[in-house]
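Novice: Below: one structure in structure tokens.
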Amino acid sequence: MTFDRNNRDVYVTSLMSKARTDKKFDSIYVISGKEDSLVSAEYVKLLDALVEPEQRMTALFAADGPEVTASEVLDELRTLPFLADKRVVAVKNADKFVSENRPHLETYFDNPCPTGILILTVRNWDARTKLAKKLQKAGTLMKLTEPKSWELPPRLIKYADDAYGKKLTKDAAQLLVDLSGDSLPGLYSEIDKLAVFADAEKTITVKHIESLIGHNRLFNAFAVIDSCLAGNVRQAVERLRSMFAEDKSAEYTVVGAFAYHLRKMFNAKVMLDKGVRPDSVTNQVRIWSNKDRFITSLRKMPLKKIGDTLKQLAQTDYAIKTGQTKAQVAIEQLVLQLASK
């Protein structure tokens, strides 16, 4: 059967449920996907469901596709398990292995060993092949597709609820994506940490994310923007370069951190232009230091300039992700523009 994943734990939970009852699993699993981190995360979860950690010395054979032969894999599958019900044989990065051994695999798919479980991880799985058609009867295809950026927050909200029974607010989910990038396994890992951090609280909020994950990144980005607002171009650039030097993940998270503060500035400027009191503005957009300087600088900056900077940031994000520019160069140009009078 084909299993097109929408949430990483649904299927694994099902497997674990089986393990507690009749311990019946499919004989073959193919994990297919172009995003290595997603494939790796699925592989680990599947392995956790199939074989206990203490059994892996005797019940697991794992190899890299280019370094193993078909005869070795088939021999391992037919080896009786020792101190376990099943023997799991995993071939990772198996695209070339599959291409070179189709006849052997087709024969095995027709009559898989009852005491063996085969796992193959591949980047591509052609549904038109004879082998793929045989898999529909012999096992499970776990086809992974990288989610679109707009799909990530709903995924995280669902995962927090499914895995921990916690509500993740929409604003918190978006902020987490902004700060941590768009790697789904990485985002799930952040949710895992946030669930522990939130402890008995039932809702994971923006405050939790700011405290646990975003403090340094947000503080560094705010320091750069603060220098921009003060018109101190040299200091802004120095702080930005220090930010990249000190945080190796900055090239993946800097756009989100800047977007977070620029949206605050935009909302604050709108409120100021409507006549909202400055102290109320800083409280609502969560500015806790240099409040007077923030308001003074913001009064001098046209709303259009903030909006234009946000648009440029979105274009910069696209250019970085498509390899048209480097993050540090693009953000430095944006900072120079923001700091200009």
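The values are calculated or read from the model by the stated rules, or taken from the named source; none is laboratory data. The structure displayed is predicted, hence computed values, not measured ones. When we count neighbours, we look across all protein chains shown, and the Cβ atoms used for this are built from the backbone with ideal geometry, even at glycine.
Novice: If I filter region 295-305 for residues that are part of a loop (DSSP other than H, G, I, E, B), modelled with pLDDT of 85 or more and farther than 16 Å from Ser227 by Cβ, do I get at least one hit?
Specialist: yes
Novice: Oh, and also: Do we find a residue being over 24 Å from the mean Cα position of the chain (by Cα) and among the polar types (S, T, N, Q) anywhere in region 251-262?
Specialist: no
Novice: Leu338 passes all but one of (1) over 29 Å from the mean Cα position of the chain (by Cα); (2) farther than 20 Å from Val237 by Cα; (3) of a type in the set (A, V, I, L, M, F, W, C); which number fails?
Specialist: Looking at each condition in turn, Leu338 falls short on (2).
Novice: Can you tell me which of (1) over 20 Å from Lys326 (Cα atoms); (2) in contact (Cβ under 8 Å) with a residue 40 or more places away in the chain; (3) in a helix (DSSP H, G or I) is the one Val255 doesn't meet?
Specialist: (1)
Novice: Any residue in region 95-117 that is in the same structural domain as Pro66 (by TED's automatic domain parsing) and surrounded by 11 or more Cβ atoms within 10 Å (Cβ to Cβ) sitting within a Cβ distance under 8 Å of a residue that is assigned to a strand (DSSP E or B) and charged (D, E, K, R)? List the pairs, counting only those 6 or more apart or interchain.
Specialist: Listed pairs, sorted by first residue: Thr115/Arg87; Gly116/Arg87; Ile117/Arg87.
Novice: Select from region 221-253 the residues that are among the β-branched types (Val, Ile, Thr) and in contact with a helix residue (DSSP H, G or I) (Cβ under 6 Å, 6 or more places away or on another chain) and write down the one among them that is surrounded by the fewest Cβ atoms within 10 Å (Cβ to Cβ).
Specialist: Val233
Novice: Can you go through Thr58, Thr79, Thr69 and tell me which one is of a type in the set (Ser, Thr, Tyr), under 20 Å from Ala138 (Cα atoms), surrounded by fewer than 20 Cβ atoms within 10 Å (Cβ to Cβ) and not assigned by TED's automatic domain parsing to the domain that holds Ser189?
Specialist: Just a single option satisfies the conditions, and that option is Thr79.
Novice: From the list Lys148, Lys193, which residue is touching a Leu at 6+ places or on another chain (Cβ under 8 Å) and either under 25 Å from His261 (Cα atoms) or without any contact (Cβ under 8 Å) to a residue 40 or more places away in the chain (or both)?
Specialist: None of the others qualify; the one that does is Lys193.
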